[in-house]
Amino acid sequence: MWTYEHSVETTATPAAVWRLWAEVERWADWNDGVEKIEIDGPFAAGTRITMTPPGEDPVPLVIAEAVENELFVDEARFGGLVLRTLHRLDPAGPGRIRVTYRMEITGTGADEAGPEIGPGITADWPQTMAALVALAEPAGPDASDPSDPSDPSGEPAAR
């Protein structure tokens with residue numbers, strides 16, 4: 001088995017990060033490793049995703065698990081290998097969460113193939129996760145949200 005894990009902390013809410021994850025068609029907005037992406041149903045366990053990295057062949061994924069505002073797991077299978085990526089949200093203190101991505105490569109030949117392919121797959125995670133949380137974080141203390149009934153201005157937030 002081969003594993004890699006990366007975490008970042010943010011002031012974004014779990015719901016804000018979840019919305020970005022669930023909008024699969026917009027992953028390329030924050031993930032440079034996505035040239036094209038398609039989802040064949042709701043963002044839920046069992047749904048298939050086809051992700052095409054720039055200049056590469058499409059990668060078929062299946063959402064293996066999805067718990068709203070907490071985590072989702074996708075899996076890709078290549079021959080006897082299983083590439084499982086966990087995306088998890090955990091509390092990290094007052095007004096903060098930790099976003100963690102963890103890849104596990106298991107199956108026949110994983111001890112050899114994991115160190116060969118894993119680092120290439122996960123190399124952009126720090127940049128990808130930084131872009132994700134930057135989009136999910138509040139725009140600032142003066143930003144307003146018309147969908148938030150506690151927002152006194154009722155004006156759309158500047159973006």
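The values are calculated or read from the model by the stated rules, or taken from the named source; none is laboratory data. What you see is a predicted model; the values in this text were computed from it and never measured. Neighbour counts run over all protein chains shown; Cβ positions are idealised from the backbone, glycine included. We work out accessible area using only protein heavy atoms, side chains counted, and drop any ligands, DNA or RNA first. Shrake-Rupley method; radii C 1.70, N 1.55, O 1.52, S 1.80 Å.
Mind listing whichever residues of segment 1-42 are touching a strand residue (DSSP E or B) at 6+ places or on another chain (Cβ under 7 Å), closer than 22 Å to ALA130 by Cβ and in a loop (DSSP other than H, G, I, E, B)?
ALA12, VAL34, GLU35, listed by residue number.
Assess whether ALA136 counts as being open to solvent by 30 Å² or more (accessible area, probe 1.4 Å), modelled with pLDDT of 95 or more and at negative phi.
No.
Select from segment 111-128 the residues that are within 23 Å of the chain's Cα centre (by Cα) and open to solvent by less than 60 Å² (accessible area, probe 1.4 Å) and list them in ascending order.
Passing the criteria: GLY114, GLY118, THR122, ASP124, TRP125, PRO126, THR128.
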